[in-house]
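Just below is one structure, and these are the notes that go with it.
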Ligand code: NDP
């Protein structure tokens, strides 16, 4: 398929500086954790990726294990980046990660240099790329000294296999330690990827302060809480939703009557703002200037378009924020 990106692709997206770095990221970035694996329809996946780029989304986030099968999201992304998007590589920030289980034996997960270096080599091969823009330690390893994990990230930058490195799922203390180790090696942490949404407010307890002090960007994952913070589950569990899929990470048990009651109230606040609940949830994450980008998922182009429209209303009144705080306390 011939693809020529829209000439207007940079007209509507908002770009935010990633901490104190030279990089700007789109306020909305797209992740390939779900919906881009071998179990999914490749044509829909490709359509979502191309539409995202056409709408100014310049950042795509992957990990070694995204699928299912693990690795297949990178293979599928590779097909698009090397075909339709091949002429646009320099306009795109691609990230991948290693930390979770990928292969058997003692070197197939966590934070050893052996695992991280081998995993990135595998990811590059699967995507057909010479380098990624950002490589993350996907989770802290309690059994490997941070010195080793950070030395691996530093080596990966020096080898040119990644331009920048990041941390994901590190708590405030682990983040400070890792960032200082990287600095002592002459490298810096570009970005941190924590779970953050109206439902999960943990990063407000220290992490975001540290990132701000250190000039590190913040890209929250699952800002829609995997779809909970949309109007999707207000009247039951729709077929083919993430909670309905056997390989989906969202458990049906998360959708309790108490939660649904709160979601209905949040939906009312969103409607009064002229937004869908998904849009308000994304605007809410982006209300804090320390957030560089909201890292969303989408299973269709229409969802992507709906989410992108959050950019039309990013401001909140004090009254709206306090209503949200009452329903979803920090
Ligand atoms: P979201 O919280 O954005 O959830 C995405 C899901 O919400 C979609 O698959 C869809 O569900 C539903 N949805 C999206 N937009 C809309 C809309 N406008 N209206 C209604 N429903 C909508 O993010 P994810 O949980 O998918 O995570 C995003 C990315 O974050 C991942 O792809 C990955 O890159 C990263 N991530 C990183 C982790 C880490 O440890 N570092 C962990 C998890 C994610 P449905 O499929 O049911 O249609």
At least 1 residues that are surrounded by fewer than 21 Cβ atoms within 10 Å (Cβ to Cβ) in each: list the strands (runs of 3 or more DSSP E) lying fully within the range 1-79 that qualify. 15-17, 24-26
So the check is Cβ under 7 Å with 6+ separation or different chains; which pairs have a first residue in the range 182-211 that's over 17 Å from residue 168 (Cβ atoms) and a second one that's more than 12 Å from the ligand (Cβ to nearest atom) and in a helix (DSSP H, G or I)? 185/150; 185/151; 185/154; 198/284; 198/324
Being surrounded by fewer than 17 Cβ atoms within 10 Å (Cβ to Cβ) and on the phi > 0 side of the Ramachandran plot is the filter here; which residues of the range 196-222 pass it? 206, 215
Regarding residue 307, is this residue part of a helix (DSSP H, G or I) and touching a helix residue (DSSP H, G or I) at 6+ places or on another chain (Cβ under 9 Å)? yes
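When you check residue 174 against the structure, is it within 28 Å of residue 78 (Cβ to Cβ), modelled with pLDDT of 95 or more and surrounded by fewer than 19 Cβ atoms within 10 Å (Cβ to Cβ), yes or no?
Numbers: within 28 Å of residue 78 (Cβ to Cβ): no; modelled with pLDDT of 95 or more: yes; surrounded by fewer than 19 Cβ atoms within 10 Å (Cβ to Cβ): yes.
No.
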What is the residue count in the range 255-264 for residues that are in contact with a helix residue (DSSP H, G or I) (Cβ under 8 Å, 6 or more places away or on another chain) and surrounded by fewer than 21 Cβ atoms within 10 Å (Cβ to Cβ)? 1
Just the residues that are surrounded by fewer than 23 Cβ atoms within 10 Å (Cβ to Cβ), over 16 Å from the mean Cα position of the chain (by Cα) and either near the ligand (Cβ under 8 Å from one of its atoms) or not in a loop (DSSP other than H, G, I, E, B) (or both), please, taken from the range 280-302. 300, 301, 302
A careful count of residues in the range 193-209 that are more than 17 Å from residue 156 (Cβ to Cβ) and within 14 Å of the ligand (Cβ to nearest atom) gives 10
One residue is enough: does the range 142-160 have a residue meeting the conditions under 19 Å from the mean Cα position of the chain (by Cα), surrounded by fewer than 23 Cβ atoms within 10 Å (Cβ to Cβ), at pLDDT 95 or above and under 30 Å from residue 10 (Cβ atoms)? no
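Could you grab me the full set of residues in the range 210-232 that are more than 9 Å from the ligand (Cβ to nearest atom) and over 15 Å from the mean Cα position of the chain (by Cα)?
Applying the first criterion (more than 9 Å from the ligand (Cβ to nearest atom)) to the range 210-232 yields 210-218.
Matches in the range 210-232: 210, 211, 212, 213, 214, 215, 216.
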Residues to consider are 88, 107; find the one that is assigned to a loop (DSSP other than H, G, I, E, B) and either modelled with pLDDT of 95 or more or farther than 30 Å from residue 179 by Cα (or both). 107
Among the residues that make up the range 78-92, is at least one of them in contact (Cβ under 8 Å) with a residue 60 or more places away in the chain, within 14 Å of the ligand (Cβ to nearest atom) and under 30 Å from residue 52 (Cβ atoms)? no
Condition check: in a helix (DSSP H, G or I), free of Cβ contacts under 8 Å to residues at least 24 places away in the same chain, buried (at least 19 other Cβ atoms within 10 Å of the Cβ) and within 14 Å of the ligand (Cβ to nearest atom). Does residue 243 satisfy that? no
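The values are calculated or read from the model by the stated rules, or taken from the named source; none is laboratory data. Just so it is clear, the model here is predicted, and its values are computed rather than measured. Neighbour counts run over all protein chains shown; Cβ positions are idealised from the backbone, glycine included.
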